[in-house]
Amino acid sequence: MFNMLSISLGVGVAAYGEARFDTWGVILQLGVVAFEATKLVMIQILLTSKGISLNPITSLYYVAPCCFVFLSIPWILVEYPILKQTSTFQFDFVIFGTNSFCAFALNLAVFLLVGKTSALTMNVAGVVKDWLLIAFSWSVIKDTVTPINLFGYGLAFLGVAYYNHSKLQALKAKEAQKKVSQPDEKTGRLLEDREGDGSGKRNDNQN
């Protein structure tokens, strides 16, 4: 919890230090983060819960139509009227097809990552993605980055680095525990076999 709070604090400081800070934009972004986290937790339940344990392709088969329906409602009510009035929209099968393929590949990668790790790991990976976007906007688009931004990014970076270190140590401990338990299981089986052989010989002697 302390680690996640440090990452959240770093991201919050970076957002506060934005040169063109917009309160409504931050509120919308926080809402998006909350809904995205809820979606990832639900996906993890579908992929790893006992009695369900769907694979990534099957989960995407059920989740994708729901996403389409829920995204279509605000698009029809908000974006489509503006698009219809202000632009000459022409459907392009190549652009639409490549965009759909990239979205499918991205969702499949997300499902695989959540299934193999956890929703929390996916959220932490999203922080790294944000860094790459910020670095791109700073180096290519020449967007303004303030010292407060850099301090917030550095704090979040330390939190992510510690999170990865903790996960790595936990994996090493789990592997070491497996290696220790395997000889114990083999020893227990050998003892059971010996006891079985001993009881069999006793029964033969009695007969």
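Within segment 120-139, take every residue that is among the polar types (S, T, N, Q) and exposed (fewer than 15 other Cβ atoms within 10 Å of the Cβ) and give me the one that is nearest to Val33 (Cα to Cα).
Step one: list which residues in segment 120-139 are among the polar types (S, T, N, Q), which gives 121, 123, 137, 139.
Next, only the ones that are exposed (fewer than 15 other Cβ atoms within 10 Å of the Cβ) stay: 137, 139.
Values: Ser137: 21, Ser139: 26 Å.
Result: Ser137.
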* **Which listed residue is closer than 20 Å to Val63 by Cα and either open to solvent by less than 70 Å² (accessible area, probe 1.4 Å) or in contact with a Pro (Cβ under 8 Å, 6 or more places away or on another chain) (or both), from Thr117, Thr146** => Thr117
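Only one residue in Gln90, Gln85, Gln44 is touching a residue at least 12 places away in the same chain (Cβ under 8 Å) and open to solvent by 50 Å² or more (accessible area, probe 1.4 Å), so which one is that? If you could, list the steps in order and put the result at the bottom.
Details: Gln90 fails: touching a residue at least 12 places away in the same chain (Cβ under 8 Å); Gln85 fails: touching a residue at least 12 places away in the same chain (Cβ under 8 Å).
Gln44 is the lone residue from the list that is touching a residue at least 12 places away in the same chain (Cβ under 8 Å) and open to solvent by 50 Å² or more (accessible area, probe 1.4 Å).
Please verify whether Leu108 is in contact with a Ser or Thr (Cβ under 8 Å, 6 or more places away or on another chain) and either assigned to a helix (DSSP H, G or I) or surrounded by fewer than 14 Cβ atoms within 10 Å (Cβ to Cβ) (or both), treating the condition exactly as stated.
Details: in contact with a Ser or Thr (Cβ under 8 Å, 6 or more places away or on another chain): no; either assigned to a helix (DSSP H, G or I) or surrounded by fewer than 14 Cβ atoms within 10 Å (Cβ to Cβ) (or both): yes.
Answer is no for this residue.
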* Structure fact -> Here the qualifying pairs (Cβ atoms under 7 Å; residues six or more apart or on different chains; first in segment 108-137 and more than 19 Å from Ser6 (Cβ to Cβ); second among the charged types (D, E, K, R)) come out as Ser137/Asp143
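Go through segment 149-163 and count every residue that is open to solvent by less than 90 Å² (accessible area, probe 1.4 Å) and touching a residue at least 40 places away in the same chain (Cβ under 8 Å).
Of the residues in segment 149-163, the ones open to solvent by less than 90 Å² (accessible area, probe 1.4 Å) are 149, 152-156, 159-161, 163.
Next cut, touching a residue at least 40 places away in the same chain (Cβ under 8 Å) only: 149, 152-156, 159-160, 163.
Count: 9.
Among Ser72, Ser100, Ser59, Ser6, which is the only one that is open to solvent by less than 80 Å² (accessible area, probe 1.4 Å), closer than 24 Å to Ala161 by Cα and hydroxyl-bearing (Ser, Thr, Tyr)? Break it down stepwise before answering.
Working: Ser72 fails: closer than 24 Å to Ala161 by Cα; Ser100 fails: closer than 24 Å to Ala161 by Cα; Ser59 fails: closer than 24 Å to Ala161 by Cα.
Within the list Ser72, Ser100, Ser59, Ser6, the selection yields Ser6.
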* Can you pull out the residues in segment 14-31 that are within 18 Å of Ser137 (Cβ to Cβ), open to solvent by less than 50 Å² (accessible area, probe 1.4 Å) and modelled with pLDDT of 75 or more? -> Ala14, Ala15, Gly25, Val26
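The values are calculated or read from the model by the stated rules, or taken from the named source; none is laboratory data. Since this is a predicted model, take the numbers as computed values, not measurements. Every residue, glycine among them, receives a Cβ derived from its backbone with ideal geometry; neighbour counts consider all protein chains shown. Note: accessible area is taken over every heavy atom of the protein model, side chains too, but ligands, DNA and RNA are not part of it. Shrake-Rupley method; radii C 1.70, N 1.55, O 1.52, S 1.80 Å.
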